[in-house]
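Notes for the one structure printed next.
Rule-based calculations on the coordinates, nothing more; no lab input. As the structure is a prediction and not an experimental result, all values here were calculated from the model. Note that each Cβ is placed from the backbone with ideal geometry, even for glycine, and that neighbours are counted across all protein chains shown.
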Amino acid sequence: MALTIGSFDGVHLGHLDVIGHVIASAKDLEVQPALITFEPHPRCVLDPANCPQTITTLQEKLALLEAAGVEHAIVLRFDRELASLSPQEFVDRLATVMELRRWVIGYDFAFGRGRTGSAHWLLEHGHTVEVVSPFQIDGHDLHSSEVRRLITAGEIEHANRLLGREYSMAGPVEAGERVGRQLGFPTANIGVEPNKLIPALGAYAGRARAPEGDFIAALSVGYRPTFGGTQLRVEAFLLDFEGDLYQRRLELRFVRYLHPDIKFPSTDELVRQLHQDVADTRRAVSR
């Protein structure tokens, strides 16, 4: 096998570059490409105080890896026992389940106890290694941490450029207070998976994928401050849609940040803004 290893959170353009190299290597060697990833993120075990929110849930990550052409995606549970393995112990475990012909790794790849395993270590121990150069956009190396920063800052268009797709969140539609329906804008509130990265509070132009198909959607991330809300909600008003989505799974895709989460002095002003958001959403997404 040709193998690559990493967290691959976000499956962004840099990750796709590494995946392209491992697929090409596998074809060159006439073997199968394989990828090992970890759940949870290693930092959540080794440094829980700085556990990052995930750009992609495990389900989302595996779907994106499959779409990228990865034939074998292997998920290892990352825990203290796995973290304690020396580089040789880790490699020995892999050797019991696969024949490794080539490692395809990022330039900053490290593994094993204390991150003592590296491309240099692998070469010293007789392995064939291809090191993939850093993937750059606008002269800067691409890292998942930068994608997270952009999403939490509301810079969704820039984040989407680094991802190579629109940032998305998915979950079952949950019951709400039906406030939107009373205002003429019935929204679907989705349940968010634990530790999933939440975009900056505010209104967004976006899309929604429902069982009935794809729709342009005005999205909102916030607390409904006009009504004194205290619970964070991620919700969508689907344009040109009529029906009941309760308990159906909905995927929301964020296209453009429109404005912050605003507390309006009256519901009339809120409704005026909602009309504007719908018009801005249709214009932004249609373009």
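Can you work out ³J(HN,Hα) from phi for every residue in the range 31-39, in order, using Karplus 6.51 cos²θ - 1.76 cosθ + 1.60 and θ = phi - 60°, giving whole Hz and x for Gly and Pro?
Whole-Hz 3J(HN,Hα) from phi for the range 31-39: 10, 9, x, 9, 9, 10, 10, 10, 9.
What are the ³J(HN,Hα) couplings of the range 121-137, residue after residue, when phi is run through the Karplus curve with 6.51, -1.76, 1.60 and θ = phi - 60°? Round to Hz, x for glycine and proline.
Those phi angles translate into 4, 4, 4, 5, 9, x, 8, 8, 10, 10, 9, 8, 5, x, 8, 10, 10 Hz.
Taking the highest mean first, how do the peptides 237-243, 260-266 order by number of other beta carbon atoms within 10 angstrom per residue?
In decreasing order of mean packing, 237-243, 260-266 become 237-243, 260-266.
Which of the GluC sites (Glu not before Pro) across the range 1-69 are loop residues per DSSP, with 15 or fewer other Cβ within 10 Å?
Here the sparse-neighbourhood loop sites are Glu30.
Taking amide hydrogens as modeled 1.01 Å from N in the peptide plane, which residues meet the under 5 Å criterion relative to Gln32, leaving out close sequence neighbours?
Residues meeting the criterion, in which the H sits 1.01 Å from N, are Ala2.
Give the aspartates and glutamates reachable from Lys263 as a straight Cα distance under 16 Å; neighbours fewer than 8 places away on the same chain don't count.
Answer for Lys263, where 16 Å is the Cα cut-off: Asp277, listed by chain and number.
Only helices at least 20 Å long along their own axis, judged from Cα atoms, and with Kyte-Doolittle mean hydropathy of 0.0 or greater: name those in the chain from DSSP H.
Length and hydropathy pass: 13-29.
At 222 nm, what helix-only mean residue ellipticity would the chain give, in deg cm²/dmol to the nearest 500, using -39500 (n - 2.57) for each DSSP H run of four or more?
Dividing the helical sum by the residues of the chain leaves -9000 deg cm²/dmol.
Have a look at the DSSP beta bridges in the chain and tell me what percent are antiparallel, nearest 5.
Counting only bridges with both partners in the chain, antiparallel ones make up about 65 percent.
Give me the three principal axis extents of the range 167-286 from the C-alpha atoms, as integers in angstrom, largest value leading.
36, 31, 26
Output ³J(HN,Hα) for the range 104-109: one whole-Hz value per residue in order, computed from phi by the Karplus curve 6.51 cos²θ - 1.76 cosθ + 1.60 with θ = phi - 60°, and x for Gly and Pro.
Residue by residue, the range 104-109 yields 10, 9, x, 4, 9, 5 Hz.
Between Leu85 and Ile262, what is the label-point separation in nm under the 7 Å Cα-to-beta-carbon projection?
That separation, rounded to one decimal, is 5.4 nm.
Quote to one decimal, in nm, the extra length available between Tyr246 and Ala67 on full extension: 0.36 nm per residue of separation minus the C-alpha distance between them.
Gain on extension, Tyr246 to Ala67, equals 61.6 nm.
Please arrange Met98, Met169 by how many other C-beta atoms lie within 10 Å of their C-beta, fewest to most.
The order, fewest Cβ neighbours first, is Met98, Met169.
Take peptides 34-40, 279-285, 214-220 and line them up by average Cβ neighbours within 10 Å, highest first, as a rough protection proxy.
The packing order, highest mean first, is 214-220, 34-40, 279-285.
Please report how far the C-alpha centroid of the range 229-287 lies from that of the range 14-88, rounded to the nearest whole angstrom.
34
Would you mind ranking Asp47, Asp9 so that the residue whose beta carbon has the fewest other beta carbons within 10 Å leads the list?
Exposure proxy ranking, most exposed first: Asp47, Asp9.
Could you order peptides 70-78, 11-19 by the average number of other Cβ atoms within 10 Å of their residues, highest first?
11-19, 70-78
Taking N as the number of residues in the range 229-287, what is its alpha-carbon radius of gyration divided by 2.2 N^0.38 Å?
Rounded to two decimals, the normalised Rg is 1.27.
Specify which residue in the list Ser84, Gly202, Thr96 is farthest towards the positive end of the charge dipole of the chain, using unit charges on the beta carbon of Lys, Arg (+1) and Asp, Glu (-1), about the Cα centre.
Gly202
Bin by bin, in steps of 5 Å, what percent of the Cα pairs in the chain do you find, going until the bin that has the longest distance?
1, 5, 11, 14, 15, 14, 11, 9, 7, 6, 4, 2, 1, 0, 0
Would you pull out the residues with amide H under 5 Å of Phe111's amide H, same chain only if 5 or more places away, H placed 1.01 Å from N?
It is Thr116, Gly117, Ser118, by chain and number.
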